Structure formats: C-alpha cells, structure tokens
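Engineer: Here it is: the structure, laid out below.
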Amino acid sequence: MVTAASYKPISALVDALCTQHLQGKDEVVRLTLIALLAGGHILVEDLPGLGKTTIALTLARITGLSFGRVQCTSDLLPSDITGLSVFERDTGSFRFLPGPIFNHIVLLDEINRAMPRTQSAMLEAMEERRVTVEGATHLLPEPFMVFATQNPSDQSGTFPLPESQLDRFMICTGIGYPPQALERAIIAGGGVRERLGAIRPMISAEELLAARDLVSHTIYLSDKVIQYIHNLVLATRNDPRLLTGLSTRAGINLAQAARAAAFLAGRDYVAPDDVKGIAPAVCSHRLVVRPGHPGLDRGAVLREIIAAIPLPLA
C-alpha cells in the first residue's frame, strides 16, 4: 500500500508547508490538505489578519495549480463568480467569459460579506464541479477546491451562510493566534505574503489527482469504522438539543476525510481515532441548534456526542 509517507510528492509538500512557509499553522495546513486530497472544500473562520488568505495563496503557489480570488462584498453578483456571456458584433454571436470559479483553487475571501443570493451561486460549482450560465453547462477543472474565509458573524456587514451551503464544505476550522515567539519573528521579518514570489511548485495537478485516487481506493475502511461513522450521524439526529443533525453527505465527507487523515498519518487503513479526530472539523458547522437553546456551542455538543459513542474494537 502507498501512503503519504512513501508517496514522495505529498510527503515533501507537507514538510515544506509546515516547516518553511506556514510555520505555526500545522493543524490548519493538515486540514486544508485533507480537504484537497479528499476532493472537498474548506471554510476557515477567524478574525482578519491571522493568515487565512496567505494559506490559500501559498497552497496555490506550492502546488502550481491555477488560482482564482473573489473578494466578497455586499454588491457582488453571481456573474462576478461564474462568468457571463457577451455579444460580439464581429461574429454576431455570444461568447462566454469564464469567471474566477474556473480555477483549480478558488479563494472566496470573506464569503459571509456576500448577499445570500450570491453565496448560493456557488452551490452547483461546489457539489457538481460545473456551473450553468444562461442554460449552458461548463465543467470546472480538476482538481478543484474552494477555500473560503469568513469573519466572525458578530462583525458588521456579514450575512449568515445558508445551511445548504455550509453542508457543502467538507471542513470548517479556525486558525487562532500564533505562538508568541513565532508572532514576534513574523513581526520582525514580515509575513509570508512578501515571499510568495519565491515559492516554486513542488507537485503537479496530475500527481495530486493520483494522490486523490490513492486516498479513495487504497485506504481501507472497515465495516466497523463505517458503523462507527453511522452511529455518530444517527446520534446527532436524535439529540434533543439539535434541530438538524448530520446529513448523509456529512457521513460521506467524514469517511473521505478520515481516509485522507490516515493517508497523511502514513497508514493504509482508517482507525477509529482518525474519525474521532477529524469529526469536529467535518461535522460541527453542519449542526443546527434548536431555538430553545440560545448560545449553545455546536462544537461542545458534538464533542459530548462523540465521547458517548464507544470506539469499535479492532
């Protein structure tokens, strides 16, 4: 079996990101790579200025993948993301001008500053890997990943993401402040953004797609682990504090992410701890709390549910 430890393009990529370019961000880098290897999308929520955009830019540079950026604002239109057809007088016909969504890695910066109608324009792209404009369907490149950032919902000018869109993000996480010593070094030497031009690609799109194939088809997922995932999904649906539990898509995403986590850990099988460890990032943002429980932390509820479900024996 081939794992990340023996698949040199991924092994070298992880080492370069964590030790050279994005120091102090090991966990969010790991989660981003899990989303990329599992064919999912990632939503990073945190305060401005902590490096969310830098992570997406660095990932695009070091993978050599095409990069598109959308700065979300309240006046952003769906066509600003997907593209539009323009009439050409010379030919007497319409020509489609693709938007930034037609890239391998698409950064939706401050996604919750866009109006709900514009946010919803991403649903087809994120789920089907295609967009439909004026009745014509256009396929997106592969690999394709949306890296979205959002500010905390209590900041002015933000709109909550629809539940249907949240469910299409495989992973939701934050960054947090860097360790104090590292933060002093960053302040003294400047951020990664100033050095992006010096980053050279370390992997090709073909090698990334090959790694995805390894994750999907060579990482073993036992029946016991599948049942453990299903037990977790059912437990969220039966919790009286939750209005909406995990969807079937969430269960699929959890299995895919656990496979990618095992791959990065150097194993050719998914252990129950892979599921337990990745579940908060995959599941918390999909839960909807009942109106009678204001201020209830979805992540805390999920951790309680996970703690109550016995791990399957080997």
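Engineer: So what's the chain giving for Rg/Rh, alpha carbon basis, Kirkwood Rh from the mean inverse pair distance?
Structural biologist: 0.97
Engineer: Here is a further query. For SER66, enumerate residues with amide H under 5 Å from its amide H, sequence gap 5+ or separate chain, H modeled in the peptide plane.
Structural biologist: So SER66 has HN proximity to HIS104, ILE105.
Engineer: If you don't mind, there's one more thing I want to ask. Using a cut-off of 15 Å between alpha-carbon atoms, which aspartates and glutamates can reach LYS25, once sequence neighbours fewer than 8 places away in the same chain are excluded?
Structural biologist: Result set, ordered by chain and number: ASP15, GLU45, ASP46, GLU183.
Engineer: Right, here's the next one. Once you place label points 7 Å from the Cα toward the Cβ at GLU134 and HIS293, how far apart are they in nm?
Structural biologist: Placing both labels 7 Å beyond Cα along the Cβ direction yields 4.9 nm.
Engineer: Of the residues GLY266, GLY135, GLY92, which exhibits the maximal mean-square fluctuation in a Gaussian network model of the chain defined by a 10 Å Cα contact cut-off?
Structural biologist: GLY92
Engineer: Oh, and also: Whole number please: convex hull volume per residue of the Cα set in region 24-179, in Å³?
Structural biologist: Taking only Cα atoms, region 24-179 has a hull volume of 118 Å³ per residue.
Engineer: Based on the alpha-carbon set only, what is the convex hull volume of region 219-314 divided per residue, in Å³?
Structural biologist: Values: hull volume 7.9 nm³, N = 96.
With only Cα atoms used, region 219-314 gives 82 Å³ per residue.
Engineer: Moving to a separate point now. Among rounded, prolate and oblate, which fits region 155-281 when a ≥ b ≥ c are the square roots of the eigenvalues of its C-alpha gyration tensor, a/c under 1.5 means rounded, and a/b larger than b/c means prolate?
Structural biologist: oblate
Engineer: Only counting other Cβ atoms within 10 Å, I'd like TYR220, TYR228, TYR269 sorted with the fewest neighbours first.
Structural biologist: Neighbour counts put them in this order, fewest first: TYR220, TYR269, TYR228.
Engineer: Based on the Cβ-Cβ distance of SER66 and ASP15, what FRET efficiency does E = 1/(1 + (r/R0)^6) give at R0 = 25 Å, to the nearest 0.05?
Structural biologist: After rounding to 0.05, the efficiency reads 0.55.
Engineer: Another one. Distance in nm between label sites at THR248 and HIS230, each 7 Å beyond Cα in the beta-carbon direction?
Structural biologist: 1.3
Engineer: Please give the contour-minus-distance gain from ASP273 to LEU84: 0.36 nm per residue of separation, less the Cα-Cα distance, rounded to one decimal in nm.
Structural biologist: Working: separation 189, 0.36 × 189 = 68.04 nm, distance 4.59 nm.
Length gained between ASP273 and LEU84: 63.4 nm.
Engineer: I would also like to ask the following. How about region 45-147: which trypsin sites (Lys or Arg not before Pro) there lie in a loop by DSSP and see at most 15 other Cβ atoms within 10 Å?
Structural biologist: When the trypsin sites (Lys or Arg not before Pro) of region 45-147 are filtered for loop state and at most 15 Cβ neighbours within 10 Å, ARG89, ARG129 remain.
Engineer: May I ask for the net charge around ILE306, where only other residues with Cβ less than 12 Å from the Cβ of ILE306 are counted and Lys, Arg are +1 while Asp, Glu are -1?
Structural biologist: On the way: positive: LYS276, ARG303; negative: ASP239, ASP273, GLU304.
It works out to a net charge of -1.
Taken together, the values in this text are just the output of simple stated rules run on the coordinates, not laboratory data. What you see is a predicted model; the values in this text were computed from it and never measured. Here the Cβ is made from the backbone with ideal geometry for all residues, glycine too, and neighbour counts use every protein chain on show.
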